[in-house]
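The values are calculated or read from the model by the stated rules, or taken from the named source; none is laboratory data. Note that the structure is a prediction, hence the values are computed from the model and not measured. Using ideal geometry, Cβ is built from the backbone for each residue, glycine included, and neighbour counts are taken over all protein chains shown. Only protein heavy atoms, including side chains, enter the accessible area calculation; ligands, DNA and RNA are left aside. Shrake-Rupley method; radii C 1.70, N 1.55, O 1.52, S 1.80 Å.
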Amino acid sequence: MNFSELFRQSNQICRFSPDGKYLASVVEFRLVIRDVDTFQIQNLFSCMDTIQHVEWSADSQFILCGLYKRGLVQVWSLEQPEWKCKIDEGSAGLCDVRWSPDSRHILTTADFHLRITVWSLVTKSVSYIRYPKQCQNNIDFSADGKYLALAERRDCQDFISIFACNTWELLKHFESSTDDMAGLRWSPDSTVLCVWDNALNYLVLLYSLDGRCLSKFSAYEYALGIKTLTWSPTSQFLALGSYDEKLRLLNHVTWKTITTFSHPETVNETSAVVYKEVETRTPQPVKSDLTDIPTAALFSPQSRYEVQSAPVKVPVVIPDTNKANPRRGVGLTAFSKDCKYMYTRNDNMPHTLWIWDIQKLALCAVIIQAAPIKHVEWDPLKTRLALCTGVNKLYMWSPAGSLCVEVPVEGTFQVHALKWHPDGGSLLLLGKDMMCICYLNDVSSEAEDVSAD
């Protein structure tokens, strides 16, 4: 592993281009484009105000900046830096902006979800879509780029509209059986649209392209329902994480539960490997003229993983049930690229990451951290994941084992988020206002050494 020096960034707004050649980062109102290999600045664009959102076009030729406070979108071209585009929503305001799959249209959402506007960069034409529903996942493009699914709210009823992305023509409009839709998501093969209800009602609906309801699923009633949802890359499985601290796996043939993964307070499975982070504090050499430094600063915590023998007690945090959105239930889950593994995090067990073997439908590994887990992400190509906990360390897991690496940079740098490069060869580590790149060699041999300990 090699680490770059630290560079400034704001609000962790940093994105790799889809082709992997560039890294875009934001420093207040400036957009910085760097070459990934050399980390040299290729372009520097100045926006009219503080940037709240950045997104690359699918072909990596354009990048947009959302200036929500001003209701503006500024678009920049990497091939022609002198080319400029500005989209002004005016008094309607702006709360969301995104690219269409063809990289030549931009969709903006007005404040209070009054409308969605489709702007063409080629013909400069403008189209409007009315009645978008005010929810977090109200719009989704199919993976093949052909269709747009939109959640709508009309006359106190939920509806779904499907548009063709090449003409923006309405293909299908039908009513949803949800009480208050929380979101919708296409399957990776673009054949099934999954719709789920809000947290007060456990309900999942599966629709075909022509609006037929293929199946309904509800695990229980009269309790908080779905908290997170994700498709497997092969579209064979649909994972539903809920507030009852369980994850249910549905199959794509009958849309019935094939297994349920629980998160007990004690891990009894002898077949699962339990890694526990152990911190030790060792004195650091200090110059004689620095005697006024506090005692705690003279010690630097060192971490390593120890393999625990079952049964193992998992740290549990009791949530405050009197507050909205209690930290309880499965809040994070994702499949590996090869669909052989998936991870989950139960939010009232924030220190623990559970890794499941999909082929065996069994628990594979448990990683217990010393601090709450902030961010987890799978390698886009290989079967390995990286995680961070808001300290100056990077943690990784693969079927070969797990490892912990301290980020060797000057000053204080705590990793709050991370992003994989599209080729899986490096990691972008994000702190509060700084960032660095971690260049990976083959870490499997290092992981094997750690697991052997």
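Evaluation of residue 188 against the conditions (1) open to solvent by less than 20 Å² (accessible area, probe 1.4 Å); (2) of a type outside the set (S, T, N, Q); (3) in contact with a Ser or Thr (Cβ under 6 Å, 6 or more places away or on another chain) shows that the sole unmet condition is (1).
Exactly one residue out of 167, 117, 108, 178 is of a type outside the set (A, V, I, L, M, F, W, C) and within 24 Å of the chain's Cα centre (by Cα): that is 108.
For segment 373-387, give me each residue that is acidic (Asp, Glu) and open to solvent by less than 20 Å² (accessible area, probe 1.4 Å). Residue satisfying the conditions is 379 alone. Checking each residue in segment 67-91 for being outside any strand (DSSP E or B) and in contact with a Cys (Cβ under 7 Å, 6 or more places away or on another chain) picks out only 68.
Going by the structure shown, is residue 45 surrounded by fewer than 17 Cβ atoms within 10 Å (Cβ to Cβ) and farther than 26 Å from residue 141 by Cα?
No: the conditions fail for residue 45.
Tally up the residues in segment 76-89 that are touching a residue at least 12 places away in the same chain (Cβ under 8 Å) and more than 12 Å from residue 114 (Cβ to Cβ), please. Matching residues across segment 76-89 total 9. For segment 155-179, what are the residues that are surrounded by fewer than 16 Cβ atoms within 10 Å (Cβ to Cβ), in contact with an Asp or Glu (Cβ under 9 Å, 6 or more places away or on another chain) and farther than 17 Å from residue 209 by Cα? 157, 179, listed by residue number. In segment 331-345 there is no residue that is out of contact with any Ser or Thr (no Cβ under 9 Å at 6 or more places or on another chain) and part of a loop (DSSP other than H, G, I, E, B).
Residue by residue, here is whether (1) closer than 19 Å to residue 150 by Cα; (2) in contact with a strand residue (DSSP E or B) (Cβ under 8 Å, 6 or more places away or on another chain); (3) among the hydroxyl-bearing types (Ser, Thr, Tyr) holds:
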| site | (1), (2), (3) |
| --- | --- |
| 200 | no, no, no |
| 224 | no, yes, no |
| 231 | yes, yes, no |
| 243 | no, yes, yes |
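Among the numbered conditions (1) touching a Cys at 6+ places or on another chain (Cβ under 6 Å); (2) in a strand (DSSP E or B), the only one that residue 238 does not meet is (1). Specify the residue that is nearest to residue 415 (Cα to Cα); the eligible residues are those in segment 5-27 that are at pLDDT 95 or above and of a type in the set (D, E, K, R). Ranking the qualifying residues of segment 5-27, first place goes to 8. Residues that are farther than 30 Å from residue 309 by Cα, open to solvent by less than 20 Å² (accessible area, probe 1.4 Å) and of a type in the set (Ser, Thr, Tyr) are absent from segment 412-421 altogether.
Considering 64, 23, 107, 94, the condition of being crowded, with 19+ Cβ neighbours inside 10 Å and not in a strand (DSSP E or B) is satisfied by 94 alone. Filtering segment 143-152 to residues that are buried (at least 18 other Cβ atoms within 10 Å of the Cβ) and farther than 20 Å from residue 120 by Cβ leaves 149, 151, 152.
For beta carbons closer than 6 Å, sequence separation of 6+ or different chains, a first residue in segment 374-399 that is farther than 21 Å from residue 441 by Cβ and a second that is in a loop (DSSP other than H, G, I, E, B) and open to solvent by 40 Å² or more (accessible area, probe 1.4 Å), the qualifying pairs are 374/416; 389/374; 390/374; 390/414; 390/416; 391/414. Counting only residues that are over 19 Å from the mean Cα position of the chain (by Cα) and part of a strand (DSSP E or B), segment 313-330 holds 1 of them. Within segment 27-39, is there a residue that is within 13 Å of residue 421 (Cα to Cα) and in contact (Cβ under 8 Å) with a residue 24 or more places away in the chain? Yes, some residue in segment 27-39 is within 13 Å of residue 421 (Cα to Cα) and in contact (Cβ under 8 Å) with a residue 24 or more places away in the chain. Kindly evaluate residue 432 against the criterion of being open to solvent by 10 Å² or more (accessible area, probe 1.4 Å), more than 18 Å from residue 275 (Cβ to Cβ) and assigned to a strand (DSSP E or B). Taking the combined requirement at face value, the residue does not satisfy it.
A quick yes/no check of all residues on (1) surrounded by 19 or more Cβ atoms within 10 Å (Cβ to Cβ); (2) free of Cβ contacts under 8 Å to residues at least 60 places away in the same chain:
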{"residue": "227", "(1), (2)": "yes, no"}
{"residue": "238", "(1), (2)": "yes, yes"}
{"residue": "250", "(1), (2)": "yes, yes"}
{"residue": "254", "(1), (2)": "no, yes"}
{"residue": "258", "(1), (2)": "no, no"}
{"residue": "261", "(1), (2)": "yes, no"}
{"residue": "268", "(1), (2)": "no, yes"}
{"residue": "272", "(1), (2)": "no, no"}
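Mind checking which residues of segment 336-372 are surrounded by fewer than 21 Cβ atoms within 10 Å (Cβ to Cβ), over 26 Å from residue 236 (Cβ atoms) and aliphatic (A, V, I, L, M)? If the condition is that a residue be surrounded by fewer than 21 Cβ atoms within 10 Å (Cβ to Cβ), over 26 Å from residue 236 (Cβ atoms) and aliphatic (A, V, I, L, M), then 370, 371 are the ones that fit.
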